[in-house]
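Some notes on the structure that comes next.
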Amino acid sequence: MKQIGNIIRYIIIIVADVAMMLLFHSYLNFILLVGLLLFPVYSIYGVYKVRDHFKLQLMAPLEPMEKGSEFLLRIVLHNPTWHPLLNATVKLEVENTLYREDGDHFLNLPVRARKKTEIVYPVVMDYSGHFAVNAKYICFMDLLGICELKVALSESADCLIVPASPLRSQEAGHIYIKGVSESMESKEKGYDFSEINGIREYIPGDKLQNIHWKLSVKKDELMVKERVSVSAMQLNVLVELANNEDMGLDTVLDLADSITKSFVKQNLPFTVYYYSVNSKELKECYIGNEVERMEWFSMMLYDQCYREVGQVEEMFLRHNGSKAEYLYIGYDSGETASDEVIYGEKGTVAQLRNR
């Protein structure tokens, strides 16, 4: 509709010039008429030329950015031809893939001949997650505004948005020691947290429960199963990636970041579990240093949230038995003693559990 209006206005200009030429027999009006008739050809040719040779780039920070802080998204449009255009409109789809929330933005860019046009777009993300921006298409408008060409795009850029949570070293250290102590007590009561590494002859002082009785009868001497502890001094940590209407997952991530960062700072190793929607399985990551912690946290942020609370616990217990000890970081069930819980905002907690 806009193009039709521009065409009508241009025709009126041509008619007015013809009338002036006939009325005054002006050679100048004749030259202007020739120019007015040729210019649409140049204008339309130019938009096709730019369409075939332009280049669009999207650039976001490579390093993770803290939520609430401003970072810059750069959009660069390069026109290598000698043809300028009236403007170009880019449709951008911006989303946080963790929460599966997206929105569309339309950006107008000038298209200058033989120039790069760079637009710096300030972005602030209120929630942790994976920020992704995709250029869906670009529309070019010729100089007269009578011809518009739409071109599909596949350019994209992304950036991780991480929590900016403070350390909770004292609380984290206390709950870690308590959790490991309870795991060791369970082991002493008969729960087997070890695996067989080999078989050797009996040495006085070996526990009777480790004697391999069948093999001992065959060899006519006591043989002992040599075990290696697989729990050692570490804690199992479960992170719930369920979200609710209050965006509770964001505070769960804040709490998980604060506690696990405190563990690493105090050289307390742990194994973390979370349910992955992308791969539809329980993910397990051993964390012994900050590099491993950030790799795990990045993997979570690239995943997607879910609605049903308790999926990570259900799958963990299915794989590890009903008497497993673990630290659950998620939503408050209201059933845990005060010395076994660290409270976060919006009803989120880190709880020691034994189911």
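Taken together, the values in this text are just the output of simple stated rules run on the coordinates, not laboratory data. On a predicted model such as this, the values are computed, not experimentally measured, just so you know. Backbone-built Cβ (ideal geometry, glycine too); neighbour counts: all protein chains shown.
Of note:
- Flagged links, alpha-carbon separation over 18 Å, of Lys2/Lys136; Lys55/Lys150; Lys136/Lys280; Lys178/Lys346: Lys2/Lys136; Lys136/Lys280; Lys178/Lys346
- Just checking the listed ones, Ile14, Ile146, Ile177: in the Gaussian network model of the chain with Cα springs under 10 Å, the one fluctuating most is Ile14.
- Gain on full stretching of the segment that runs from Val151 to Glu93 - 0.36 nm per residue minus C-alpha separation: 19.3 nm
- Taking 0.36 nm per residue of sequence separation and removing the Cα-Cα distance, the Arg9/Val41 pair yields an extension gain of 9.9 nm.
- In the chain, Rg over Rh equals 1.29, where Rg is the alpha-carbon radius of gyration and Rh the Kirkwood radius from pairwise Cα distances.
- Between the listed residues Val133, Val111, Val94, the Cα displaced farthest toward the positive end of the dipole of the range 54-162, a dipole computed from Cβ unit charges relative to the Cα centre, is found at Val111.
- Subtracting the Cα-Cα distance of Leu317 and Asn244 from their residue separation scaled by 0.36 nm leaves 23.9 nm.
- Computed from Cα atoms, the angle from the helix 169-188 axis to the main principal axis of the chain rounds to 40 degrees.
- Rounded tilt (10° steps) of 248-265 against the dominant C-alpha axis of the chain: 60
- Distance between the pseudo-spin-label points of His105 and Ser216 (7 Å out from Cα toward the beta carbon): 7.2 nm.
- A Cβ-based charge dipole, computed about the Cα centre of the chain with Lys and Arg at +1 and Asp and Glu at -1, lands at about 1440 debye.
- Model label points for Tyr48 and Leu167, set 7 angstrom from Cα along the Cα-to-Cβ axis, are 6.6 nm apart.
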